[in-house]
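Here's the structure we're looking at; comments come further down.
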Amino acid sequence: MRHIDIKRAIAADGLRIVIAKAMPSAWGIAAKAMMEFKGLDFSVAYHVPRGDNLDLLTWSGVNSAPVVAWNKEPPINRWNDILFLLERLAPDSPLVPQAPEERMRMLGLSHEICGELGFGWNRRLGMLRPTNGAAVSAFGLKYGYRDTDAKNATPRVIAFMRELACVLKSQRTQGSQFLVGNSVTAADFYWAAFSNFVVIQSAEECPINPAARPMFENTPAEITEAIDLILIDHRDFIMQTYYKLPLEL
């Protein structure tokens, strides 16, 4: 892994990822960790949260992270596009099961964590919801903030966590420490990263911008009360076994 500036990342060949600087942006944290797990050689550039990032926007069409590029192929930013690129580049360290039933379960879980109106999406909506009659922030508008979805965000988060805890408990009864099957998959990487949206890791393990930490520590009480410890146990196991700690942000 090499750190390079965004202009060099745009011009370079090979595998590059743009991640949010000093922020626990779970989509980027998981993608980078999967690259490391697969032993891929890659470079890292930074997106500046709430910045203009004009070079990134012109190149990729988005002012957000992560963005991943391989050689001269068009840059990509959707979680599933990134996952399948990594599978293509390093098929000998698979994170997508080959068995159809396990593959469908893994992709379904991953969508419910990463995808539109999934766990991460809903937590972000909850964080962006205006209080005391304030207008929706520019950051909220950037991600298509809708008040109806924001009102439903916390119940959806709680419902998902309860179901995920049931999945893990069922897996434990079958002797597995993973969300799907008997080996680590992308879904495990995703949950480990996205769990920071409800229980953020320590500053030693996740050294984010200190000014941003209170936002991630301010989890609503109804969500905190609904967290089954098996969810955090699983996060800690995956982080300690398959991630590099402390996280490099």
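Observations
- Amide H contacts under 5 Å for LEU179, placed H, 5+ residues apart: THR185, ASP188
- When each of LYS21/LYS72; LYS21/LYS244; LYS7/LYS72; LYS32/LYS169; LYS38/LYS72 is checked by Cα-Cα distance, pairs over 26 Å: LYS32/LYS169
- Positive-end residue of VAL62, CYS166, ALA153, charge dipole of the chain with Cβ unit charges: VAL62
- The ranking of LYS21, LYS169, LYS72 by Cβ neighbour count inside 10 Å, starting from the fewest, reads LYS72, LYS169, LYS21.
- Dipole magnitude of the chain about its Cα centre (Cβ charges: Lys, Arg +1; Asp, Glu -1), debye to nearest 20: 420
- Among SER176, SER110, SER64: highest mean-square fluctuation, GNM of the chain, C-alpha pairs under 10 Å: SER176
- Candidates ARG123, ARG235, ARG162: whichever shows maximal mean-square fluctuation once the chain is modelled as a Gaussian network with Cα springs under 10 Å: ARG162
- Spread of Cα-to-Cα distances over 10 Å intervals beginning at zero, given as percent, for the chain: 7, 31, 37, 21, 4, 0
- With the largest listed first and rounded to whole Å, the semi-axes of the equivalent ellipsoid of region 2-89 from the Cα gyration tensor are 18, 14, 12.
Just so you know, all these numbers are worked out from the coordinates, no wet-lab data involved. Computed from a predicted model, the values in this text were never measured in an experiment. Methodologically, a virtual Cβ is constructed for each residue, glycine included, from the backbone with ideal geometry; neighbour enumeration extends over all protein chains shown.
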